[in-house]
Amino acid sequence: MKRNHSRQAFPCCALFVGLLVFGRAAPLAGYTENPGNEGDGDHIIGPDYALDPDLTDKGNPKGRNFEFTMKLADSKIFRGDDRTLEPKKKAVRNERRIFVYVPAAYEDGTQAPLLVIHDGPGQLGLVRNALDNLTISKDPKRSLPAFIAIAVENGGNDGKNSERGLEYDTMSDRFARFINDEVLPAVLKDPEIRKAYPRIAFTGNPWGKAAMGCSSGGAAALTMGWFRPDLFRRLITYSGTFVDQQDDDAPEEAEYPLGAWDYHSGLKLIENSKPKPLRIFTHVSANDNGASAPEDGHHNWVMANQRTAAALASKDYHYRFVFSRATGHCDRRVFEQSLADTLVWMWRGYHAD
């Protein structure tokens, strides 16, 4: 893996974006950033792994944790009754938990950037420590903005005909709209959060809105930005399911017959589309989901992620691809070693509106 390209800052950064304050959008113009090329390209880690100190509790000031639930039946987007589901075989949750961490460095009343974490709580514990340690860092090359972390539980089960599969593996803007239109306003309206932070607000600048996930959650992160770069532009995928796992009965099959496999193969969406204003991290493990076995149709994880990285490189994206030796699917050792570096790279160049 030798690709490492020099790039220019995205010219589209100066586009009009929205500012979400208590759920309302207002125009914001003129935002630009120049993150540079440091950390871009392909990287190999392992086979030895260690917990990054920045992902541990160093005793720095702590933020506030919150948790609430959202009933699927109350949603206008994912009610749990989609015709593609088979609830007798793959149960659907009645409600999903939402976990929120507001770092100590956040100042009430400012428009906070945010990171949405799929399969909540997921890696929220590591992200909390990273925020506690790196929002107060004096090293400009090793710091994080005071983003609010929101870990969203999936709707239940996995794979085709499941609610989680519907949410994460479908090639559409549906999940991005669900997060933006339903989850984020619910966070801003939660009574306990509003009690602690009466003037809490989110930025609507899409460069201030990130998504992160593993496996199908990783595919969901890329899909959120791919279909709605006006909403989410910083995308983190670990062990991404860039394979054909979209439900066979999904209406999206007509346009994307191979699901997320079409990003890099089949339709080759990344290579055949104009570059989008996105900053993208991808990862795959050497033994990711049976990768040592012969290719099984459109279900080879390592090949899918390698091709995705190559496609991003061919279009001159700001991307970072990590291949981890001697590890498996969504391997915690990879998160423990790399997540702080990933977050620092992902947020490089971002500044307050």
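Checking every residue in the stretch 306-313 against the condition of being crowded, with 21+ Cβ neighbours inside 10 Å, at pLDDT below 95 and within 16 Å of GLY217 (Cβ to Cβ) gives zero matches.
For the stretch 225-272, a tally of residues being at negative phi and in a loop (DSSP other than H, G, I, E, B) returns 28. Scanning the stretch 323-353 for residues that are in contact (Cβ under 8 Å) with a residue 12 or more places away in the chain and over 30 Å from GLY204 (Cβ atoms) yields a total of 13. The sole residue among PHE22, PHE16 that is more than 26 Å from SER137 (Cα to Cα), at pLDDT below 95 and in contact with a Pro (Cβ under 6 Å, 6 or more places away or on another chain) is PHE16. Taking (1) within 25 Å of HIS318 (Cβ to Cβ); (2) among the basic types (Lys, Arg); (3) surrounded by 19 or more Cβ atoms within 10 Å (Cβ to Cβ) in turn, ARG164 satisfies each apart from (1). Within the stretch 60-73, the only residue that satisfies the criterion of being more than 23 Å from ILE200 (Cβ to Cβ) and in contact with a helix residue (DSSP H, G or I) (Cβ under 9 Å, 6 or more places away or on another chain) is LEU72.
Figure legend. Inter-residue proximity from the stretch 135-151: first residues exposed (fewer than 14 other Cβ atoms within 10 Å of the Cβ), second residues outside any loop (DSSP other than H, G, I, E, B) and charged (D, E, K, R), beta-carbon distance below 7 Å, spacing 6+ or different chains. No pairs are indicated.
Looking at this structure, is PRO87 out of contact with any strand residue (DSSP E or B) (no Cβ under 6 Å at 6 or more places or on another chain) and modelled with pLDDT of 95 or more? For PRO87, the condition - out of contact with any strand residue (DSSP E or B) (no Cβ under 6 Å at 6 or more places or on another chain) and modelled with pLDDT of 95 or more - is met. Checked against (1) buried (at least 23 other Cβ atoms within 10 Å of the Cβ); (2) within 21 Å of GLY240 (Cβ to Cβ); (3) in contact with a Phe, Trp or Tyr (Cβ under 7 Å, 6 or more places away or on another chain); (4) hydrophobic (A, V, I, L, M, F, W, C), TRP207 passes all but condition (2).
Filtering the stretch 69-101 to residues that are more than 19 Å from PHE147 (Cβ to Cβ) and either outside any loop (DSSP other than H, G, I, E, B) or among the small types (Gly, Ala, Ser) (or both) leaves THR69, MET70, LYS71, LEU72, ALA73, ASP74, SER75, GLY80, ALA91, GLU95, ARG96, ARG97. Report whether or not ARG279 is modelled with pLDDT of 95 or more, within 21 Å of PRO53 (Cβ to Cβ) and of a type outside the set (A, V, I, L, M). The answer is no for ARG279.
Specify the residue that is nearest to MET212 (Cα to Cα); the eligible residues are those in the stretch 336-353 that are of a type outside the set (A, V, I, L, M) and not in a loop (DSSP other than H, G, I, E, B). The qualifying residue nearest to MET212 (Cα to Cα) is THR342. PRO87 passes every criterion in (1) without any contact (Cβ under 8 Å) to a residue 12 or more places away in the chain; (2) surrounded by 18 or more Cβ atoms within 10 Å (Cβ to Cβ); (3) not acidic (Asp, Glu) apart from (2). For the stretch 124-212, the helices (runs of 4 or more DSSP H) that sit wholly inside it and include 3 or more residues that are more than 20 Å from the chain's Cα centre (by Cα) are 191-196.
The values are calculated or read from the model by the stated rules, or taken from the named source; none is laboratory data. Remember, it's a predicted structure, so these values are computed and weren't measured experimentally. We place every Cβ from the backbone using ideal geometry, glycine too, and count neighbours over all the protein chains shown.
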